[in-house]
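The values are calculated or read from the model by the stated rules, or taken from the named source; none is laboratory data. Predicted model only: the values in this text are computed from it and were never measured. Cβ atoms come from the backbone with ideal geometry, glycine included; neighbour counts cover every protein chain shown. We work out accessible area using only protein heavy atoms, side chains counted, and drop any ligands, DNA or RNA first. Shrake-Rupley method; radii C 1.70, N 1.55, O 1.52, S 1.80 Å.
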Amino acid sequence: MERSMAYESDLNLKATELRLGLPGSDEPEKPSTTPSVRSNKRASPETSEESWSKSSSSVSNVENCERDGTPPAKAQVVGWPPIRSYRKNYFQEKKNDQVDGAGMYVKVSVDGAPFLRKIDLKVYKSYPELLKALEDMFKLTIGEYSEKEGCNGSEFAPTYEDKDGDWMLVGDVPWDMFICSCKRLRIMKGSEARGFGC
Amino acid sequence: MITNKKPRSSDTDSNYMRDDRTEMSEDDDRSPPSDSITNDSCPTRNCTPGSGSGSSSIPEYLAPYPDQVLENVLENVLWFLTSRKDRNAASLVCRSWYRVEALTRSDLFIGNCYAVSPKRATSRFSRIRSVTLKGKPRFADFNLMPPNWGAHFAPWVSAMAKAYPWLEKVHLKRMSVTDDDLALLAESFSGFKELVLVCCDGFGTSGLAVVASRCRQLKVLDLIESEVSDDEVDWISFFPDTETCLESLIFDCVDCPIDFDALERLVARSPSLKKLRLNRSISIGQLYHLMVRAPQLTHLGTGSFSPSEDVAHVEQEPDYVSAFAACKSLVCLSGFREIIPDYLPAIYPICSNLTSLNFSYANISAEQVKPIISNCHKLQIFWVLDSICDEGLQAVAATCKELRELRVFPIEAREDIEGPVSEVGLQAISEGCRKLQSILYFCQRMTNAAVIAMSKNCPDLVVFRLCIMGRHRPDDVTGEPMDEGFGAIVMNCKKLTRLAVSGLLTDRAFAYIGKYGKIVRTLSVAFAGDSDMGLKYVLEGCPRLQKLEIRDSPFGDAALLSGLHHYYNMRFLWMSTCKLSRQGCQQIAQALPRLVVEVIKHEDNVDMEEVVDTLYMYRSLEGPREDVPQFVSILEDRHMKEGALMWKTDISARCWTTIRSVCIVNVRWVINAKYAQHMHGPYTFSGNVVVQVHVGDPLAHRVGFHWMRIPILKDMYGSDHISILVLLELISLMVKAKLIVKVGSDCAFE
């Protein structure tokens with residue numbers, strides 16, 4: 001105990017006064033609003049600003065617009081609103097089932113066949129795949145698909161009803177567009193088929 | 001049951017002490033707690049002379065070692081201590097208490113699975129019956145964390161398989177669990193009773209099948225909001241054919257079809273079953289059959305609550321009303337996963353008994369909910385979709401006077417739509433449900449007035465989470481920021497510990513939170529604030545803050561640095577898409593070596609090395625984890641790596657928990673602890689560095705520890721950053737080396 005007292009008087013306690021504060025700050029009572037830069041350790045604030053704003057585009061341009069008060073673009077933001085995906089998708093699924101022409105399961109009818117089938121368009125990635133599947137399903141030949149001429153080489157013509165209610169020949173539009181607009185498929189046969197130029 | 005053996009003081013019968021000493025020998029730490037397996041309610045350690053000591057010959061009399069006696073007494077007392085906080089405090093008193101507390105703890109709670117290693121946990125606590133582990137941070141639920149980040153259950157289950165063969169309960173939240181993990185669990189713990197998996201993933205029905213078949217004592221199998229893959233195994237069929245101990249079977253999140261007949265037979269042979277929550281593959285017809293078999297249920301999840309598609313409606317519809325009426329103990333109802341509202345009247349008979357009702361998957365209107373809710377006078381917990389509109393909420397407010405918890409989820413989780421609930425619903429609830437403690441409310445528009453009203457009408461609020469789905473959306477009537485509303489919440493709700501903010505918010509809102517939110521523990525911030533000041537207000541003002549999650553807000557390095565004094569007191573800090581730079585985060589890592597600072601890259605952000613997409617940092621005794629995926633980099637303190645924290649004894653675990661109660665008054669310099677070993681005199685280290693810190697520990701004071709004052713002259717590197725834990729470790733070294741000086745009596749503060 002005495003030792004410490006004596007020691008205290010020897011020490012220049014003021015010089016070694018300990019204070020709580022941010023690294024590098026001299027006024028520890030309040031942490032400074034901008035930390036003093038130890039130049040060799042940290043990039044200057046300007047460069048870090050710049051590089052930050054470059055990356056913000058991946059989210060949306062929200063943050064850049066903030067300051068001038070313009071309402072931010074309502075781009076889809078990841079994870080917002082904060083609902084678990086299970087719940088978010090729960091009602092989305094229902095919606096999709098109800099909306100017509102959104103793709104996925106469509107009815108397929110074949111002229112002359114007594115009942116219809118259903119296929120999931122999402123399973124296929126291209127026309128040749130789809131046509132092959134139809135051929136296998138109904139045991140018929142639709143012929144070869146070529147981009148230029150559409151279906152060729154048989155008495156069957158695959159057609160589909162699109163969102164507008166029109167009957168179209170399968171193969172005319174790009175696959176992605178087809179997927180989005182196809183409501184049902186009908187494989188025509190015979191004379192009607194010929195009208196499609198097959 | 002309270003023991004009838006009172007703990008005895010040291011001046012009683014020497015025989016008693018002698019026998020107890022053999023029980024309490026140092027080597028005996030790992031004996032299986034056979035007394036507590038057989039007498040759950042009487043956990044005392046054989047106070048009577050001669051009982052349970054196992055030795056028949058009476059050894060020569062030896063004077064009892066005083067500490068030993070204290071430990072005997074202590075152990076008997078500490079068995080009754082159940083609160084985690086109390087136990088942590090008790091373990092700090094002295095080494096003896098630390099040891100005994102570790103022996104008597106049976107429930108292990110680990111809020112961050114990376115804060116401590118399985119090895120450390122199992123070494124310290126040898127008699128654990130129940131383990132709770134939490135893994136990923138909450139924002140991972142919203143796809144803000146790339147997959148395979150971590151939080152693997154595997155290392156834990158392997159360590160526990162060896163250390164705790166008598167483990168009974170495992171409760172996991174946001175952990176990655178594999179089928180192999182489940183298999184190991186099922187094999188390793190013969191008395192296993194409870195498995196609860198909340199928001200977990202990585203396993204499938206095959207893992208469940210193993211648990212079902214091998215855990216013969218299983219009472220609880222609860223799968224809540226977890227992702228379970230369909231391995232095409234009907235796990236329900238794997239329960240043993242005999243009568244089961246099942247009390248709770250919750251699988252409403254498991255989207256795989258199950259064999260209904262197997263389920264029906266299972267329910268029939270589970271007489272203790274009280275909680276049953278079915279998945280959506282169960283039709284209302286099937287529900288009927290189950291309810292008839294299990295009228296003793298207290299908690300029921302109804303499955304789809306619609307007829308199966310296959311049923312040709314040839315048979316007469318069963319009498320659903322009477323099935324519900326027969327369930328006289330039913331207090332908690334959920335499910336309604338594909339509800340056909342025509343069937344809702346079936347639940348009328350039990351509405352008046354319900355304390356908890358979950359309609360959060362039921363797309364029903366105000367008109368459909370009113371007849372139900374108007375009978376739910378005892379309702380305390382209500383989860384619902386916003387499809388019921390403000391009108392539905394008004395009906396809730398009119399009847400549910402006992403409501404404690406309300407959650408209103410959106411059917412359409414989008415920003416730019418009209419929205420069926422608003423400030424009107426919130427206002428109504430605040431006026432009708434005065435006992436409200438917890439609210440989660442999603443809406444498209446809100447006003448400060450309604451939020452202020454709630455702050456005044458519901459003084460018991462503990463949890464206030466308001467999500468205005470339109471980002472930066474102001475008060476719908478005044479056009480002002482939502483600062484005043486949230487300000488009123490923190491000001492008026494004196495019990496508030498959890499807060500989630502949204503809408504247009506300036507730094508002012510955060511100033512309010514910092515000023516009034518003195519007991520706030522969890523804060524969620526998104527798209528809010530103007531500048532660094534916002535975050536600073538919170539970090540400086542909220543001493544109880546433990547979990548802080550921030551996204552898309554303009555807080556940068558300066559703000560981050562303002563929390564240095566507090567980060568060791570927190571479980572974690574999450575900041576994504578803010579204004580942080582790698583340098584700023586590096587400074588934190590440098591200053592706080594016991595913090596793990598993870599920088600997580602977003603998938604699409606290829607080059608930006610300097611910009612930090614996501615910062616996730618947490619205190620840990622273990623340093624950087626080894627299972628780091630490639631999109632995570634852990635920033636480490638370059639200086640402190642060699643030798644700085646060389647004492648990895650469990651003293652550091654004590655220091656760890658000491659931090660909350662110790663105040664470091666003045667710290668400017670940090671020493672490199674490596675040199676502490678070369679102390680010549682009382683205060684110097686190799687003549688180079690001396691440490692001066694004034695430490696106050698209220699607990700220590702009570703048992704007579706000493707106050708220390710050690711002058712610091714200079715740091716090895718000439719730098720002046722703070723490392724509180726290193727200091728404390730030094731202090732413990734000095735205590736060990738008996739360099740204790742009692743000086744002064746400055747008060748300790750938090």
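Spatially, the stretch B:282-359 and the stretch B:190-233 are offset by 25 Å when compared through their Cα centroids. Taking every residue in B:562-570 and counting other chain Cβ atoms within 10 Å of its Cβ, the average works out to 2. Take each residue of peptide B:520-528, count the partner chain Cβ atoms within 10 Å of its Cβ, and average: the result is 1. At full extension, B:Gln630 and B:Ala262 could sit 128.1 nm farther apart than now, given 0.36 nm per residue minus the alpha carbon distance. On the basis of the beta-carbon distance and an R0 of 41 Å, A:Lys183 and B:Tyr348 show a calculated FRET efficiency of 0.45. Shielding of peptide B:574-586 by partners, expressed as the average count of other chain Cβ atoms within 10 Å per residue Cβ, is 4.
Full extension of the chain segment joining A:Ser85 with A:Asp166 gains 25.5 nm, where the gain is 0.36 nm per residue of separation less the Cα-Cα distance. Given a Förster radius of 30 Å and the C-beta distance between B:Thr242 and B:Asp86 as r, what FRET efficiency does 1/(1 + (r/R0)^6) yield to the nearest 0.05? For B:Thr242 and B:Asp86, the calculated efficiency is 0.15. Shape call for the stretch B:370-523 from the C-alpha gyration tensor, a ≥ b ≥ c root eigenvalues: rounded (a/c under 1.5), prolate (a/b greater than b/c) or oblate? Oblate is the answer for the stretch B:370-523, as a/c is 1.5 or above yet b/c matches or exceeds a/b.
For the set B:Lys494, A:Lys183, the ranking by accessible area, highest first and with no ligand, DNA or RNA atoms included, is B:Lys494, A:Lys183 under a 1.4 Å probe.
The protection proxy used here, the mean number of other Cβ atoms lying within 10 Å of each residue, ranks peptides B:257-267, B:401-411 as follows, highest first: B:401-411, B:257-267.
Solvent-accessible surface of protein heavy atoms, probed at 1.4 angstrom with all chains present, puts B:Lys219, A:Lys132, B:Lys536 in the order A:Lys132, B:Lys219, B:Lys536, largest first. In the context of the full protein assembly, B:His566 retains an accessible surface of approximately 10 Å², using a probe radius of 1.4 Å and ignoring ligands and nucleic acids.
Taking all protein chains as shown and a probe of 1.4 angstrom, B:Cys253 keeps an accessible surface of around 10 Å². Each peptide in B:105-111, A:162-168 was scored by the mean count of other Cβ atoms within 10 Å over its residues; highest first, the order is B:105-111, A:162-168.
Here the label points at B:Ser322 and B:Ser213, each 7 Å from Cα along the C-beta direction, are separated by 4.0 nm in the simple model. Between rounded, prolate and oblate, where does the stretch B:319-409 land on the alpha carbon gyration tensor, with a ≥ b ≥ c its root eigenvalues, rounded for a/c under 1.5, else prolate if a/b exceeds b/c? Here the stretch B:319-409 falls in the oblate category. The residues packed around B:Gly335, meaning those with a beta-carbon under 13 Å from its beta-carbon, carry a net charge of +2 if Lys and Arg are +1 and Asp and Glu are -1. Can you grab the distance from the C-alpha centre of the stretch A:113-130 to the C-alpha centre of the stretch B:168-184, Å, no decimals? Rounded to whole Å, the Cα centres lie 41 Å apart. Is the C-alpha gyration tensor of the stretch B:479-586 telling us rounded, prolate or oblate? Criteria: a/c under 1.5 is rounded; beyond that, a/b larger than b/c is prolate, otherwise oblate. Oblate, since a/c reaches 1.5 and b/c is not below a/b.
Stretched out straight at 0.36 nm per residue, the stretch from B:Cys94 to B:Arg269 would grow longer than its current Cα-Cα span by 57.9 nm. The candidates A:Lys107, B:Lys173, arranged from most to least accessible area with a 1.4 Å probe in the full protein assembly, appear as A:Lys107, B:Lys173. Per residue, the convex hull spanned by the Cα atoms of the stretch B:192-318 amounts to 98 cubic angstrom.
Between B:Lys456 and B:Glu540, the FRET efficiency from the beta-carbon distance, with R0 = 30 Å, is close to 0.65. Taking amide H atoms as placed 1.01 Å from N in the peptide plane, the amide H of B:Gly301 lies under 5 Å from those of B:Leu276, B:Arg277, B:Leu278, B:Ser334, each 5 or more residues away in sequence or on another chain.
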